[in-house]
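Student: Starting off with a structure, shown below.
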Amino acid sequence: MNHGNMHKRLPIVLTATIRPHRTTGIYAINQTEEDRFISYQHSIKWISDTRATDKLILAENSSSKLTSELFKYLHSLASPHFHTETLHYPIADEATVKGKGYGEGWLISKCVRHSRLLSDSNAFIKITGRYQVKNFFRLSRPLASSVLSNLGYQFICQDLKFYNFHIPIVSTALFACTRSAWLEHFEDAYLFVDDIQGWAFEAEIADRLKAIVARGVRVGEVKLPLIIDSFNTKDNQPFLKRRALCYLTFRSKVAYSIGKSIKMKTLCLNDFSPQRPNPAIH
């Protein structure tokens, strides 16, 4: 079955950092440049093979010698039905010291502002480059239909939760957003990332979502967990995990059928309030 022809497909922005900064490398699933290069190759091949989109923008922000090789690999898969674009924005080491997510936010904003393939699109889906979202087609239909229809959604997040019980955060592994909303509300969000203050990119995005919801902007949430397949070069085998629940999940086909129905929830201000009291406060 050709999933791509079933509904309108949004462009995908795939973010990559082949050489993580020494202060952010601890967050990486695969530590070496070669490991991460292979992970990105697998993700690109998966998107190409499944026709998850007809427009793939790969953005990379390090100064690795493997960056050009990864770009060549993506362009080798291009066809009249699969358009590719590569954007390279090396980021200074002192900038990435600010914290986890700074480089990711930098890349997304550069793509939205300068990408040729995004210039004629109203919205996009962002995916972290190391991940193959195995249940992507269950998610992409409500994402695309919600941001491209007259429902008026400007941002669709996959998971709104609370860090340390009281700080709202949203997963940035996958989300959908209109170009206009990103440029108006999120373009400079990465500048506020501060590991010393415990303020990650995911927290800044959630904080801005709360602010625009208060002004009447429509923001949606899809609760279906991401079924992620990320290539692990240690044993040359992929592994699966449920990103939303943050633990390893089944390796069987059962994992692919989690969530028989997908419901889009429109977020309100109450959703950004802590669900439980913070023990450190009480």
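Student: For the stretch 45-170, just say rounded, prolate or oblate: build the C-alpha gyration tensor, square-root its eigenvalues into a ≥ b ≥ c, call rounded for a/c under 1.5, and beyond that prolate if a/b exceeds b/c, oblate if not.
Tutor: Working: a/c = 1.68, a/b = 1.04, b/c = 1.61.
It comes out oblate by the Cα gyration axes.
Student: Apply the Karplus curve 6.51 cos²θ - 1.76 cosθ + 1.60, θ = phi - 60°, to the phi angles in the stretch 136-143 and return the couplings in whole Hz, x for Gly and Pro.
Tutor: Calculated HN-Hα couplings, in order: 4, 6, 6, 8, 5, 4, x, 5 Hz.
Student: Related question: With a ≥ b ≥ c taken as the square roots of the eigenvalues of the C-alpha gyration tensor of the stretch 103-150, please select rounded if a/c is under 1.5 and otherwise prolate if a/b is larger than b/c or oblate if it is not?
Tutor: Numbers: a/c = 2.54, a/b = 1.17, b/c = 2.17.
Because a/c hits 1.5 or more and a/b fails to exceed b/c, the stretch 103-150 counts as oblate.
Student: Among 130-142, 196-208, how do they line up from the highest to the lowest mean number of other beta-carbon atoms within 10 Å?
Tutor: Details: 130-142: 20.8, 196-208: 18.8.
The packing order, highest mean first, is 130-142, 196-208.
Student: What FRET efficiency comes out for the pair R113/S79, r = Cβ-Cβ distance, R0 = 35 Å, nearest 0.05?
Tutor: Values: r = 27 Å, r/R0 = 0.77.
E between R113 and S79, to the nearest 0.05, is 0.85.
Student: Going down the table (K8/K265; K45/K265; K8/K100; K98/K265), which pairs top 30 Å between alpha carbons?
Tutor: Numbers: K8/K265 21 Å; K45/K265 32 Å; K8/K100 33 Å; K98/K265 33 Å.
Check vs 30 Å cut-off fails for K45/K265; K8/K100; K98/K265.
Student: Also, I was wondering about something else. Using the heavy atoms of the protein chains and a 1.4 angstrom probe, tell me the accessible area per residue for the stretch 101-212 in square angstrom.
Tutor: Counting only protein heavy atoms, the per-residue value for the stretch 101-212 is 36 Å².
Student: Between S273 and E187, 0.36 nm times their residue separation minus their Cα-Cα distance comes to what? Don't skip to the end; give the middle numbers.
Tutor: Numbers: separation 86, 0.36 × 86 = 30.96 nm, distance 2.45 nm.
Residue separation times 0.36 nm, minus the Cα-Cα distance, leaves 28.5 nm.
The values are calculated or read from the model by the stated rules, or taken from the named source; none is laboratory data. Since we're looking at a predicted model, the values are computed, not measured. Heads up, the Cβs are rebuilt from the backbone with ideal geometry, glycines too, and the neighbour counts pull from every protein chain shown. Please note that ligands, DNA and RNA were not included when accessible areas were found on the heavy atoms of the full protein model with its side chains. Shrake-Rupley method; radii C 1.70, N 1.55, O 1.52, S 1.80 Å.
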